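Peer 1: Let me give you the structure first, and then I'll get to my questions.
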Amino acid sequence: MIHAEETAIATMPRGSIEYFVNDDPIGYSIKHYGGWAEAEIRLLNALVREGDVVVDAGANIGTHTLALARRVGVTGRVIAFEPQAKVFELLKRNLASNGILHGEAIHAALGSEPGEVAFDEPSYGAHTNIGAVCMRAATGSGEGRLVRMETIDGRELEACRLLKIDAEGMGAAVIAGGVDTIKRARPVVFVECDSDGEAADILAAMPRDGYVLFVVRTAAFDEQNHKRNQDNVFGLAHETGLLFLPEVDAMAPPTDLPGVTLIRCHTLDDVAEALRTTPRYGDRTSHDRDPLALRKALEDLEAQNRDDIARLSFRIASLEWQLRQAEYGTTPSVALLEERIRAMEGSTSWRITAPVRALKLLLNRRRR
């Protein structure tokens with residue numbers, strides 16, 4: 001049961017949505033910006049048309065489901081899967097409150113074969129990332145919450161235009177359970193992906209004949225957000241996914257959508273490079289994922305602070321020698337040396353060069 005204090009209702013570009021108030025980042029983004037992953041939604045909306053059938057694997061509370069349902073219209077259909085019971089309850093409420101009768105919410109996970117999976121249920125009233133809950137194989141030991149798992153092929157869909165997958169590491173399994181549908185219906189396939197290993201599994205599972213592969217970068221902060229709030233708490237952060245476009249669609253992919261970058265890839269190495277150089281949470285500049293730029297910045301910083309580093313290094317060596325002498329009973333005393341060390345650590349030079357010393361240590365380790 002969902003408690004009233006756990007949720008709130010916000011208006012979004014395509015209706016209203018009920019969300020968990022302490023969910024971060026989805027709930028936070030809805031509260032402050034009136035939406036979540038709007039750049040990604042723009043891309044997916046550009047790839048579907050009125051009357052299309054869409055599968056939303058990992059629908060959460062329905063941000064994408066609602067947008068895609070509006071896009072395909074009443075002649076289309078959106079089938080949304082969500083395994084967490086409380087999140088599924090909000091998904092159903094959001095479809096109902098927006099009058100979406102052509103959206104079907106299913107309380108199940110999607111995977112490679114029918115069965116059950118388990119997950120650790122979060123505290124929905126506490127500060128948490130509800131969308132980061134991961135499914136795992138059910139062991140029969142009774143640990144965690146159990147939920148039914150279906151396959152896409154098990155639905156025997158006659159048509160499918162878009163398969164959107166956000167399954168927290170289970171993207172490859174979802175594709176494996178939909179290979180027949182993919183080969184028959186030739187849908188656009190979009191899979192959330194942020195690591196080399198996950199990408200390798202997805203590429204191995206995906207039947208790629210007749211498809212063109214892109215890595216998709218979408219900005220976490222939307223400058224065109226519904227509330228026109230320009231206080232960017234996400235910084236340069238981008239989400240990433242793999243987009244498989246049928247060759248006919250790949251001839252003219254959408255390339256002018258705000259906050260969206262498509263990177264054409266041929267091999268896993270191409271994908272890995274695109275993922276590794278994507279700005280993530282905490283990155284402050286466009287070079288934070290560029291090893292060559294980082295090394296050059298470090299060398300420049302070392303050059304600028306070489307005198308301070310040399311002086312402090314000499315001072316450290318001197319104090320270490322005196323400390324060893326003091327430990328064997330000679331003067332000055334250990335207490336006096338500790339006082340001198342504390343004074344040095346509190347100095348302006350010490351504080352200014354702290355990042356340089358840390359980076360130099362890292363660089364030296366990498367050179368070994």
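Peer 1: Regarding residue 191, is this residue part of a strand (DSSP E or B), in contact (Cβ under 8 Å) with a residue 60 or more places away in the chain and either crowded, with 21+ Cβ neighbours inside 10 Å or not assigned by TED's automatic domain parsing to the domain that holds residue 33 (or both)?
Peer 2: So residue 191 fails the test.
Peer 1: Right, something else. So for region 111-124 (the condition being more than 30 Å from residue 31 (Cα to Cα) and touching a Cys at 6+ places or on another chain (Cβ under 7 Å)), does at least one residue qualify?
Peer 2: Looking for residues that are more than 30 Å from residue 31 (Cα to Cα) and touching a Cys at 6+ places or on another chain (Cβ under 7 Å), one finds none in region 111-124, hence no.
Peer 1: For residue 230, which of the numbered conditions (1) over 28 Å from residue 268 (Cβ atoms); (2) in contact (Cβ under 8 Å) with a residue 12 or more places away in the chain fails to hold?
Peer 2: Unmet condition: (2).
Peer 1: Name the residue that is nearest to residue 49 (Cα to Cα), counting only residues in region 122-173 that are exposed (fewer than 13 other Cβ atoms within 10 Å of the Cβ) and among the charged types (D, E, K, R).
Peer 2: The residue in question is 158.
Peer 1: Shifting gears a bit: List the strands (runs of 3 or more DSSP E) that sit entirely inside region 1-62 and contain at least 2 residues that are buried (at least 21 other Cβ atoms within 10 Å of the Cβ) and of a type in the set (Val, Ile, Thr). Quick ask: steps written out before the conclusion?
Peer 2: Details: elements: 7-12, 15-20, 53-57.
It comes to 53-57.
Peer 1: Go through (1) surrounded by 16 or more Cβ atoms within 10 Å (Cβ to Cβ); (2) in contact (Cβ under 8 Å) with a residue 60 or more places away in the chain; (3) not in a strand (DSSP E or B) for residue 224 and report which single condition fails.
Peer 2: Just one mismatch for residue 224, condition (1).
Peer 1: Here's another thing I want to ask about it. State the number of residues belonging to region 236-253 that are closer than 21 Å to residue 221 by Cβ and surrounded by fewer than 14 Cβ atoms within 10 Å (Cβ to Cβ).
Peer 2: Total meeting the criteria: 0.
Peer 1: A further question follows. Residue 257 is checked against (1) touching a helix residue (DSSP H, G or I) at 6+ places or on another chain (Cβ under 6 Å); (2) in a helix (DSSP H, G or I) and fails just one. What number does that condition carry?
Peer 2: Checking residue 257 against (1) touching a helix residue (DSSP H, G or I) at 6+ places or on another chain (Cβ under 6 Å); (2) in a helix (DSSP H, G or I), the one that fails is (2).
Peer 1: Moving to a separate point now. Select from region 63-89 the residues that are of a type in the set (A, V, I, L, M, F, W, C) and within 19 Å of residue 148 (Cβ to Cβ) and write down the one among them that is surrounded by the fewest Cβ atoms within 10 Å (Cβ to Cβ). Quick ask: steps written out before the conclusion?
Peer 2: First, the residues of region 63-89 that are of a type in the set (A, V, I, L, M, F, W, C): 66-69, 72, 74, 78-81, 85, 87-88.
Okay, now just the ones that are also within 19 Å of residue 148 (Cβ to Cβ), so 79-81, 85, 87-88.
On the way: 79: 19, 80: 28, 81: 26, 85: 13, 87: 23, 88: 22.
Ranking the candidates gives 85 first.
The values are calculated or read from the model by the stated rules, or taken from the named source; none is laboratory data. Everything numeric in this text was worked out from a predicted model, so none of it was measured. Glycine also receives a Cβ, built like all others from the backbone with ideal geometry; neighbour counts cover every protein chain displayed.
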